[in-house]
Amino acid sequence: MSKERQKHTPRPENDGPEDPARRDLLKGLATGAAVAGAATLHAGSVSAHEGSGPLGSTLRNPYGGRPAGGISLPEYFRPTKYMTGSNANYFPLTEELGPDEMRISFCGSTPYPPREDQAGTCIMVELGNGKRFFFDFGTGCVRNIIGMQVPGQLINDIFITHLHVDHYADVPYIFPFRAWSGGYTPLRIHGPSGRTPELGTKAMVDGMKQMLRWHLEAFDVFPIGDGYEIEVNEFDFRKEGGIVYDQDGVVVRSWPRSHAKDGAVGYRLDWNGLSFVWTGDGRPDELSRQYGKGADVFVTEMSGQDIGLLMTYKYGLPQELFNYTIDTHHTSHYAVGKLFADARPRLGMVTHYTQDDDIDAEMLAGIRAHYDGLFQWGLDVAVVNVTKDAIWYRKAAIPGKSGSVAPFRELARMEAEGKITLPDEIRPPQPRSSRAEQQDQKYRDMEIDPREYYPEDVFRAPAPEWPSDFAIRVDDVIPGRKNKPE
């Protein structure tokens, strides 16, 4: 476990003017370390020690120094005992979570615009008891979730922080395809109310279903079951620390946030003595500081880049637009550091941040103006493993062209652990509609006869109707089942 944090000794006020050479050295050290992605200490937090050399007089590890141990790294920053694969990268499907372990994966990390290297914000939290949760579900995150080898059919329990579309844009995308591919159970969505009913999560879901009506009805020709049902857990956004989820030892609380319009919240998940905090979007506030206290992993947004002049140079928009957006909606890098310094998490992270190499160093410098503890960037495919005695950060190595993995491997694991019992066969539900009910016959009559384009030796008779007696034998898709019922 970590040593007790040491307080920094401020510079004596009667030392007189600072030596310019010394000041330049400190700036060079801080900037160079930030560019390299290291955790640097800001000049205001360093201590002066009479008679020591220039390096020894300025740098202190707040957790207690160790030779070759880093300037901001605690003793607990090391691989967990359950990591049997690569410590350098996370390879999905190659390691199992320990029974008392948490894994946090960033499946998206940008507000706007989505890019090849950054999808919309989404944080996946997996627990050693088999539970999996998603916090926000932004544009393109499904691509990374599938790349993480999570079966699309098993995506569930989506917690939305607020109803800006960059926080739920992929929900209408996964919703019908999850059902089509075998997700025959209801989708569970958790989210805040609004100031009025029509501004809450339930109203958003109702509107989404109406928007998707053509798509949903078209997919009714497939087995869907209850996959089109959405169980909406809408809770009062005003409650401070209100419990919004409490099952299987997992407790999720929410609190209101200031994000220009009523209806934004942050979340804290507690399980088995471990905790994860995601603030969502908003101005730095007392409640986020309160519910972030002592968290194992405290993640906040940092879309407020309070460097308006530089942003004007880069994008040509007036800095007044950037300043106004920050001051009404978001958390600047300086405020991030203040939140972390006050909450003192085991690991502080930022996401919902449009990453740019040319401003990363400045962003880190702003954070370090207040916070000298363990810090990492919550960018796409970042993965954090957490136990009570260790925290480890890696990037996932996911395939660039990943297909959707079938759910049977995960179902087999759950059965082997005694969490579920699979039947001998699975019979998909019958379609709720037919093509004949949804399409005029004349358009089917326009189709080219398959015999015209199939080679003769591979021709098969078309299957225009779903086979009513179709079943999947579980032993065929999960050979060598463990704990198979007799």
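Every number here is computed from the coordinates shown, using simple stated rules; none is lab data. Note that the structure is a prediction, hence the values are computed from the model and not measured. All Cβ positions, glycine included, derive from the backbone under ideal geometry; neighbour counts span all protein chains shown.
Quick look at the values:
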item	result
Rel. contact order, % - alpha carbon contacts under 8 angstrom, at least six apart, the stretch 423-477	78 percent
Convex hull volume per residue in cubic angstrom - Cα atoms of the chain	200 Å³
Sorted by Cβ density within 10 Å, fewest first, the residues GLU126, GLU286	GLU286, GLU126
Rounded to 10°, Cα long-axis angle of helix 357-368 versus longest principal axis of the chain	60 degrees
Long-range HN-HN contacts of SER258 with modeled amide H, under 5 Å	ARG283
Cα-centred dipole magnitude for the chain, charges only on beta-carbon of K, R (+1) and D, E (-1), debye, nearest 20	1240 debye
0 to 90° range, to nearest 10: angle between helix 333-343 axis and the chain longest Cα axis	90 degrees
Rounded, prolate or oblate (a/c below 1.5 giving rounded, otherwise prolate when a/b exceeds b/c) for the stretch 375-449 by Cα gyration tensor	oblate
Helix axis angle, 319-329 relative to the chain longest principal axis, alpha carbon, degrees	70 degrees
Members of LYS202/LYS419; LYS293/LYS395; LYS81/LYS388; LYS81/LYS395; LYS209/LYS442; LYS239/LYS388 lying beyond 22 Å, as alpha-carbon distances in this model show	LYS202/LYS419; LYS293/LYS395; LYS209/LYS442; LYS239/LYS388
Sorted by Cβ neighbour density within 10 Å, fewest at the top, the residues VAL265, VAL458	VAL458, VAL265
The stretch 274-387, relative contact order [Cα under 8 Å, separation at least 6], %	31 percent
Helical contribution to [θ] at 222 nm, DSSP H n ≥ 4, -39,500 (n - 2.57), averaged over the chain, rounded to 500	-7000 deg cm²/dmol
Square roots of five times the Cα gyration tensor eigenvalues for the stretch 423-477, Å	29, 20, 5
Value of relative contact order over the chain, rounded to a whole percent, pairs C-alpha under 8 Å and six or more apart	16 percent
Ranked TYR173, TYR184, TYR291, criterion: other C-beta atoms within 10 Å, fewest first	TYR173, TYR184, TYR291
Span from the the stretch 303-354 Cα centroid across to the the stretch 179-197 one, whole angstrom	31 Å
